[in-house]
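Right, one structure below, let's go through it.
The values are calculated or read from the model by the stated rules, or taken from the named source; none is laboratory data. Treat the numbers as computed from the prediction; the structure is a model and nothing was measured. FYI the Cβ positions are ideal-geometry reconstructions off the backbone, even for glycines, and counts take in every protein chain you see. Remember, those area values only see protein heavy atoms, side chains included, never the ligands or the DNA or RNA. Shrake-Rupley method; radii C 1.70, N 1.55, O 1.52, S 1.80 Å.
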Amino acid sequence: MQKNHPQKWGWHSFFGPDNVVKHINHTHRNRIVLPTPNSKNMKRIWLLLLIAGCIRVAQAQVEYVDPSMGGQGVLLEPTKPTVSLPNSMVRVYPVRNDQLDDQIHSFPLTIISHRLGELFWLMPGDGSADDRSRYQTYDQEVETPYYYSVRFDDSLIQTEFTPTAHAGYFRFTFPSGKAIVLLANRQGGDMSANADGSVSGTEDIASQSNITPGVMHAYVYGEFSAPVEIQTANNDVGKQLTVTAKGSQNVLEFRYGISFISVEQAKKNLQEEIPAWNFNKIKRNARDRWNDALGQIEVEGGTPEQKRVFYTSLYRCYERMVNITEDGQYYSAFDHQVHQDSRPFYVDNWLWDTYRALEPLQTILNPEMEADKVQSYVRMYQQSGWMPEFAVLWGNHECMTGNPFAPWAADVWNKGITNFDLATAYAGIRKNSTEGTWLPWRRGPKGSLDDFLSEHGYMPALHPGETETVSQVHPRERRQATSVTLAQSYDDWCTAQIARELGNNDDYQFFLKRAADYKNLFRHDEGHMWPKDASGNWIETFDPGWSGGQGGRDFTTENNDYTYDWDVQHDLQGLSDLMGGRAKAEAELDELYRKGIGRSKYEYFAKFPDSTGMVGEFSMGNEPSLHIPYVYDYLGAPWKTQKRVRMLLDTWFRDTTLGMPGDEDGGGMSSFVVFSMMGFYPVTPGVPVYNICSPVFDRITIHLHNGKIFSIVCRNNSSNNKYVQSIQLDGKPLEQVWFRHADLTSGGMLELQMGNTPNTKLGSDPSTFPPSAMAVDPREYEASGSSQR
């Protein structure tokens, strides 16, 4: 159950703790309930309030959210000012190119998936032009997580929107009194008018998956707040409805339900969630839902901009996965059936991006939901025969590399979330690893290159200019040979941990051996990960900063080789040994941030458009880089992590339309911001520990679902005082820069003394390094209590 948290009160000490404040009842976040007229000191309290205006409520967390942050993409996709409830099915934003586009193309009734398109089409008009073909310039835009408003320049029509979980509510204001709303299909289907003035329709959603082919449908049922006339016409892909209010109508409201089961279910969803015409009530309810979610983490100190960046990032972490269960049933595109189930079913997760930080964050904040999400993946495996990687609305999106469900499942299990079918989850993970293909952007049975990988311990690369001979290889994404080998190594290490948990020692030994495959691509004379051909020869023309091939994808995924040198989250100890020891590894890590790209920026970004947010050869704008600033903790120099992370946050994550350095990926990057601004980070999902960094706030309070509170207190904290001088956990000194997940969930306090000069001794003893080695047993870090080894 969500807890109600007391607010901070301004100036209460002016009157003393026994005066006004003790008479105020903190019954709900951001609300004041004043004493009843029978209260003993009622007159005194009212007098003090009137004279001094001394009592104020801290700004609600949701009011810090700025959905326009990152709305102008640096090179790739911008963020969207999405209006929804946390992790809910109906998600709406204005369809336009980016935040700087001065024309709105349309409004959807919901979307298919994060960045995969919209469903249905809506625009208000006044009959002065064909509103479907005429984009509307706009002004006076208001963007919040729970409410959106905009006014069109030519007609001065105002459009407002607020959501529920399965329904949406538009309110249109027409200064001319002529009220017209156009509804249409976006990509095939049907729209129709009902005799009572309501509307209903379907939208076709074609699967793009080779393992979950087929077409599913979205359904809508909607009603208008005034009598209307409806004309139906064909359009390019389906039907279009022109809805005109009878007589003069300055305000026309449209409420609707969405379903993936039937029109009847869409109508039921609407009736249950928006039973009456009361836009402001639905808006208030949505605002309260967001405050409940965002209020799980309270921060004090920092600048107003830092709070906006923090809470906007936290809001992004609730964009997905989304619960598509409707009255105890859900439609699954993984077998194209409607299922009855008492547990929620979640879709829309780009797991290659999100296993690193988003899912670990939600594991802390919403453990029950996290178990349901993992179990949703288990069901998808049971329904389709393969464990998905990008589980979207229309099925499995064969995208990116690796077997990323393995680290996610291992991480939640080792953090004590066990309410899912681990044995079946493991069966799906094992099948993907041993019977499926590791090729990028593919899913299905293994092929010749997968057999080679299994036998030789690396994915063979082609020499530049060599013609591809394996038909399974994606023509654009190529082999990505180095990245695939590294992903297989880490994912199989996580698979080994699950096998051991299930008592399968043979599998544990098998997958643990494969987890060392990354070593096969480390070239000692060059000091880098390096691709090999099928004969075991190094690709001599390879340049770690350029990587060769189409978009760099012959050898690495979206980033160059300098990033993938560090893509060994499970064995950073072994990696530093390969590099020649901690001192040499530290020097290499320093050089990562200092080495120039060696060519013009336009040449570099033409080849690596995903490698944005550059600091030397380090890319802040892509997920494989997220853990790299924390690697100093494993080399005895955590003060460099503290300095580097503060710099990266200050530089690349700002409250502007350019405030996101790369593809945000539905929380994949925002979760790095949330963790890092709080001052800790999960470097190795699968091992239940967090690395301590340098919080930007003076105090962070995390309200846990078990009713306990974990606080981080930073004393003498400032922009200059970014270095941790000493650490105490629940009053006991720590000489290490990490703590257990169980220390967090047990509640307590992490105290950091900050200063402007590095404490180079703290965390420098190898016996205190965070765990990241082949032989690590995550179970050793599950018990609560002192984190001292």
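Only Cα pairs under 8 Å and 6+ residues apart enter the sum, and on that basis the relative contact order of the chain stands at 11 percent. When only Cα pairs below 8 angstrom with a gap of at least 6 residues are kept, the stretch 253-315 shows a relative contact order of 19 percent.
Whole-Hz Karplus values for the stretch 341-349 come out as 6, 6, 9, x, 10, 10, 9, 6, 8 Hz, taken residue by residue from phi with 6.51 cos²θ - 1.76 cosθ + 1.60 and θ = phi - 60°; glycine and proline positions read x. ASP698 contributes about 60 Å² of solvent-accessible surface, heavy atoms of the protein only, 1.4 Å probe. Separation of the stretch 298-370 and the stretch 542-621, taken as the distance between their Cα centroids, equals 30 angstrom.
Counting Lys +1, Arg +1, Asp -1, Glu -1, what net charge surrounds ASN366 among other residues with beta carbon under 12 Å of its beta carbon?
On the way: positive: LYS373; negative: ASP292, GLU359, GLU368, GLU370, ASP372.
Summing Lys/Arg as +1 and Asp/Glu as -1 gives -4.
Of all DSSP bridge pairs formed entirely within the stretch 710-789, close to 60 percent run antiparallel. Give me the base-10 log of I(q)/I(0) for the stretch 570-684 at each q in 0.13, 0.15, 0.18, 0.21 Å⁻¹, Debye formula, one uniform scatterer per Cα, rounded to two decimals. Values, matching the q order: -0.53, -0.70, -0.99, -1.27. Taking amide H as placed 1.01 Å from N in the peptide plane, the amide H of THR656 sits under 5 Å from that of GLY70, each at least 5 places away or on another chain. Largest first, the residues LYS446, LYS415 sort by 1.4 Å accessible area into LYS446, LYS415.
Note on GLU143: accessible area approximately 40 square angstrom, rounded to 10, probe 1.4 Å, nucleic acids and ligands left out.
If you roll a 1.4 Å probe over the stretch 180-268 with all protein chains in place, what percent of the accessible area is carbon or sulfur?
Working: 1580 of 3580 Å².
Ligands and nucleic acids excluded, carbon and sulfur reach 44 percent.
Remark: the stretch 497-510, residue by residue, has Karplus-estimated 3J(HN,Hα) of 5, 5, 4, 5, 4, 7, x, 9, 5, 4, 5, 4, 5, 4 Hz, where x stands for each Gly or Pro and the curve is 6.51 cos²θ - 1.76 cosθ + 1.60 at θ = phi - 60°.
Take the Cα of GLN208, step 7 Å toward its Cβ, do the same at THR757, and the gap between the two points is 5.6 nm. With every protein chain in place and a 1.4 angstrom probe, the accessible-area ranking of SER600, SER332, SER342, largest first, reads SER342, SER600, SER332.
Residues whose amide H comes within less than 5 Å of that of GLY301, counting only those at least five positions distant or on another chain, are ASP698 (H built at 1.01 Å from N in the peptide plane). When Cα Rg over 2.2 N^0.38 Å is calculated for this entry, the matching label among [x] 1.18; [y] 1.32; [z] 0.98 is [z].
Would you mind telling me the antiparallel percentage of the DSSP bridges in the chain, rounded to 5? Of the beta bridges lying entirely in the chain, close to 95 percent run antiparallel. Ordering ARG476, ARG553 by accessible surface, largest first, gives ARG476, ARG553; the 1.4 Å probe counts only protein heavy atoms, with every chain in place.
Modelled this way, with points 7 Å down the Cα-to-C-beta line, the labels at LYS431 and MET774 are 3.0 nm from one another. Here the peptides 525-531, 493-499 are ranked by packing, the mean other Cβ count within 10 Å, and the order with the highest first is 493-499, 525-531. Extending 7 Å from the Cα toward the beta-carbon at both ASP730 and ASN537 defines two label points whose distance is 6.0 nm. Less than 5 angstrom separates the built amide H of ILE112 from those of GLY117, GLU118, LEU119, all sequence-distant by 5 or more or on a different chain.
How would you rank 632-639, 422-429, 349-356, highest first, on the average number of other Cβ atoms within 10 Å across their residues? Could the numbers behind the result be given before it?
Details: 632-639: 25.4, 422-429: 19.8, 349-356: 27.1.
The densest-packed peptide leads the list: 349-356, 632-639, 422-429.
Per-residue Karplus couplings for the stretch 672-687, computed as 6.51 cos²θ - 1.76 cosθ + 1.60 with θ equal to phi - 60°, are listed in order as 4, 5, 4, 4, 5, 5, 7, x, 8, 7, x, 5, 10, x, x, 10 Hz, Gly and Pro entered as x. In whole angstrom, note down how far apart the Cα centers of the stretch 233-282 and the stretch 456-475 are. First find each Cα centre; the distance between them is then 52 Å.
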